[in-house]
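Read-outs: derived from the displayed coordinates by stated rules, not from any lab. No experiment lies behind these values; they were computed from the predicted model shown. Using ideal geometry, Cβ is built from the backbone for each residue, glycine included, and neighbour counts are taken over all protein chains shown.
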Amino acid sequence: MQQIDNLNVESLKKIFNDHAKLKLWFIHKDLIDVCKDCEYRHMCVDSRLPNQRKDESWYHKEECSYNPYICKWKGEEGYKTLEECGVISNEQGLSIDHDKIASLNEELWAE
Ligand code: SF4
């Protein structure tokens, strides 16, 4: 990755002529599965590159450190992976087991 101090006109032209990279400029968290359900999506700093499915929807191949469906960070008590919560996001699509998530949240957060 090029440092911003080292950018010149030629390197900027190269970036703007790389359509694959330029396309990513317009992809924001509201368009990416899982992230679009996250309360941090408008302030999240995430260096992972999103991937596009054949149907043009977006997803990440790897999970981040936060699970928005149970409001838990990795390492926090009660944390579970997306898969453990019944959320599968991969090249084939997104599926969410809403009943499982509701049950987990009841266990985690009910007083
Ligand atoms: S915290 Fe994780 S799930 Fe939430 S928007 Fe950022 S990368 Fe996506």
Quick calc, GLU111 & LYS54: beta-carbon distance into FRET formula, R0 35 Å, rounding 0.05, result 0.20
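How far, in nm, would the chain grow between LYS21 and GLU91 when pulled straight, counting 0.36 nm per residue and subtracting the alpha carbon separation? Provide the component values of the computation, followed by the final result.
Values: separation 70, 0.36 × 70 = 25.20 nm, distance 1.96 nm.
Between LYS21 and GLU91, full extension yields 23.2 nm more.
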Within straight cross-link reach of LYS23, meaning Cα distance under 18 Å, which aspartates and glutamates are found once same-chain residues fewer than 8 apart are removed? ASP33, ASP46, ASP55, GLU56
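Rounded to the nearest 20 debye, what is the charge dipole size of the range 8-109 about its Cα centre when +1 sits on each Lys and Arg Cβ and -1 on each Asp and Glu Cβ?
Numbers: 15 positive and 20 negative charges, 140 e Å.
That gives a dipole near 680 debye.
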Starting from the Cα gyration tensor of the range 62-111, take the square roots of the eigenvalues, sort them a ≥ b ≥ c, and report rounded, prolate or oblate (rounded when a/c is under 1.5, otherwise prolate if a/b is larger than b/c, else oblate). oblate
Once you've got the Cα coordinates, tell me which of LYS29/LYS61; LYS14/LYS61; LYS36/LYS61; LYS29/LYS74 are over 18 Å apart. LYS14/LYS61; LYS29/LYS74
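Taking only C-alpha pairs under 8 Å that are 6+ residues apart, what is the relative contact order of the range 8-109 in percent?
Working: 104 pairs, mean separation 18.4, N = 102.
Relative contact order for the range 8-109 comes out at 18 percent.
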